[in-house]
Amino acid sequence: MQLSPRERILHVYKGKIPDAVPFMLDLSHWFYHKTRAPWDLSSSYQEPEKALIDYHKRMGVGFYMPNLAAFFSIEHTDGVNLEINKEFQAGKCEIVWRYNTPIGSIERRRIWNSNTYSWSVSRWGFESANDIRVLEYALTSRRYVPQWDNYKAWADYVGDIGVVYIPAGYSAVGQLLHYWMGIERFVYAAHDYPNTMREVVKKINANNLECIDMLCSSPAEVIIMGDNFSSDVQPPHFFKEWSQNYYFEAISRLHSAGKFVAIHIDGRLKGALAMIRATGADCADAVTPTPMGDLTPDECRSEAGPELILSGGVSPELWLPNTNIEDFRYAVMRWLDLRKQSPRLIANAGDQVPPGAEESRIALMRDLVEKYGKY
């Protein structure tokens, strides 16, 4: 009996062998660029992105990543106010996030880049030692309010074409690295006042666990976590010092509630896959092997072991029209060959399908998986 894309994905998570390797893609960034649709980080979708989901259905592509969906809201207590505004300079839009607290304010900015169809950091929030305490005050004031009706609407609209993951957001370190400080400022702060940084990270992660507890009662089968991991930014020794305890605890709580957990990777794999496996996570998402990544598919499986689900497989540059189509085909086939070592496998892109990708390659990967991905 032929399984649906949804059934194939859940079979893999449940440790069963599906009829074929599941195939799913995060097409959001590519689709927004192709259709010139809004890509607005200042707001979220309360209703399903029907045009994006319809495209997945039309192309026979599994769906899993609701990038800008709102499945819960965040309220602030203790006199904290979050302002989100847009400013325009020289025809470019800049989004400003500003926390106002009783002990001070902190803001960060991103500016629109139409060439890459993305939001570049134009200003980090961290400028002085006091800012870390302001941010601690702001982020520990968060209270989480579920919006499971929104999730049900997405899941119902996606139907058998996929499994809608719920993103849990960044850990404390992820917040600091990607939103408020950047890598360089974080490293200097950790060196200059390590005790303060550890205390702040611990308190923010304690608040994050309140979100995890809420997600334990969600209707979702899969919760996706991660700090856009890359082993050159967060190598195993760094992760062990700063974030390991949080991930162990969060994943333990989610598993106790019957949820599966995927961890998103956004870079180097060597060291990271074993690190993620050790947390007890079920899946490494967005795995990018060679040529852009630093491990071959076989090396990915060797480091991940037989039980960690590998979801990924096609390096971003291979989707672009200036790359030989035979290189794309070869990458898909090498990834599919991993099914002979373990059925804990999903055929996906290494992160998102990039803007400018050749549309015909989406259909080609679908056809290759259907023809050569059977068990």
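For region 321-371, the percent of C-alpha pairs falling in each 10 Å distance bin, counted from 0 to the bin holding the largest distance, reads 22, 57, 19, 2. Coupling constants for region 99-115 follow from the phi torsions by the Karplus curve (6.51 cos²θ - 1.76 cosθ + 1.60, θ = phi - 60°), and in residue order they are 8, 10, 10, x, 10, x, 10, 8, 9, 9, 9, 9, 10, 6, 10, 5, 5 Hz; glycine and proline get x.
Which entries in Lys50/Lys203; Lys14/Lys203; Lys34/Lys371; Lys34/Lys152 show an alpha-carbon gap greater than 32 Å? List each step's numbers first, then the result.
Values: Lys50/Lys203 38 Å; Lys14/Lys203 34 Å; Lys34/Lys371 28 Å; Lys34/Lys152 28 Å.
From the list (Lys50/Lys203; Lys14/Lys203; Lys34/Lys371; Lys34/Lys152), the Cα-Cα distance tops 32 Å for Lys50/Lys203; Lys14/Lys203.
The residue list Thr279, Ser311, Phe186 was ranked by how far each Cα lies along the charge dipole of the chain toward its positive end, using unit charges on Cβ atoms, and Ser311 comes out on top. Viscosity 0.890 mPa s, temperature 25 °C: give me the Stokes-Einstein translational D for region 22-82 in µm²/s, with Rh taken as the Kirkwood radius over C-alpha pairs. The calculation lands on 183 µm²/s. For the chain, the residue among Leu41, Ile251, Ile204 whose Cα projects farthest onto the positive side of the dipole built from Cβ charges is Ile251. Both numbers refer to the Cα atoms of region 103-213; Rg and Dmax are 17.2, 52 Å. The fraction of accessible area contributed by carbon and sulfur in the chain is 50 percent, rounded to a whole number (1.4 Å probe; ligands and nucleic acids excluded).
In order along region 210-227, the Karplus-derived 3J(HN,Hα) couplings, from 6.51 cos²θ - 1.76 cosθ + 1.60 at θ = phi - 60°, round to 5, 5, 4, 4, 5, 5, 4, 9, 6, x, 6, 7, 10, 10, 10, 10, x, 10 Hz, and Gly and Pro are given as x. Figure note: Arg110, Arg142 ranked by solvent-accessible area, largest first, 1.4 Å probe, ligands and nucleic acids not counted: Arg110, Arg142.
Treat every Asp and Glu Cβ in region 121-205 as -1 and every Lys and Arg Cβ as +1, leave all other atoms uncharged, and give the resulting dipole magnitude about the Cα centre to the nearest 20 debye. Walk me through the numbers before you get to the answer.
Numbers: 9 positive and 9 negative charges, 50 e Å.
The dipole of region 121-205 has a size of about 240 debye.
Once the other residues with Cβ under 15 Å from the Cβ of Gly305 are scored (Lys, Arg +1; Asp, Glu -1), what is the net sum? Write out the running numbers ahead of the final one.
Details: positive: Lys270, Arg277, Arg301, Arg344; negative: Asp282, Asp298, Glu299, Glu303, Glu307.
Combined, the nearby Lys, Arg, Asp and Glu give -1.
Show me 287-298, 150-161 ranked by packing, highest mean number of other Cβ atoms within 10 Å first. Spell out each step's value before the answer.
Numbers: 287-298: 19.8, 150-161: 16.9.
Descending packing order for the listed peptides: 287-298, 150-161.
When each of the peptides 252-259, 355-362 is scored by the mean number of other C-beta atoms lying within 10 Å of its residues, the order from highest to lowest reads 355-362, 252-259.
Label the chain by shape, choosing from rounded, prolate and oblate, from the square roots a ≥ b ≥ c of the eigenvalues of the Cα gyration tensor; if a/c is under 1.5 it is rounded, and otherwise prolate applies when a/b is larger than b/c, oblate when it is not.
On the way: a/c = 1.59, a/b = 1.45, b/c = 1.09.
Prolate, because a/c is 1.5 or more and a/b exceeds b/c.
Rounded, prolate or oblate: which fits region 1-154, taking a ≥ b ≥ c as square roots of the Cα gyration tensor eigenvalues, rounded meaning a/c under 1.5, else prolate when a/b beats b/c? It comes out prolate by the Cα gyration axes.
Measuring nothing but alpha carbons in region 149-201 and taking Rh as the Kirkwood radius, the Rg to Rh ratio lands at 1.32. A straight Cα-to-Cα reach below 19 Å connects Lys270 with the aspartates and glutamates Asp227, Asp232, Glu241, Asp282, Asp285, Asp294, Asp298, Glu299, Glu303, Glu307, Asp351, residues fewer than 8 places away in its own chain not being considered.
Per residue, the accessible area of the chain comes to 42 Å², computed with a 1.4 Å probe over protein heavy atoms only. Take 115-122, 327-334 and order them by the average number of nearby Cβ atoms within 10 Å per residue, most first; the result is 327-334, 115-122.
Placing +1 at every Lys and Arg Cβ and -1 at every Asp and Glu Cβ, with all other atoms neutral, what dipole size does region 23-147 have around its Cα centre, in debye to the nearest 20?
Values: 15 positive and 14 negative charges, 81 e Å.
Once rounded to the nearest 20, the dipole reads 380 debye.
Considering only alpha-carbon pairs that sit under 8 angstrom and 6 or more positions apart, the relative contact order computed for the chain is 19 percent. Structural descriptor for region 1-134: relative contact order 15 percent, calculated from alpha carbon pairs under 8 angstrom and at least 6 residues apart.
With +1 on each Lys and Arg Cβ and -1 on each Asp and Glu Cβ, and nothing else charged, work out how big the dipole of region 167-253 is about its Cα centre, in Debye to the nearest 20.
Working: 6 positive and 10 negative charges, 27 e Å.
Magnitude of the dipole: close to 120 debye.
The values are calculated or read from the model by the stated rules, or taken from the named source; none is laboratory data. Computed from a predicted structure; not experimentally measured. Positions of Cβ are generated from backbone atoms using ideal geometry, with glycine treated the same way; all protein chains shown enter the neighbour counts. All accessible areas refer to the heavy atoms of the entire protein, side chains included, with ligands and DNA or RNA removed. Shrake-Rupley method; radii C 1.70, N 1.55, O 1.52, S 1.80 Å.
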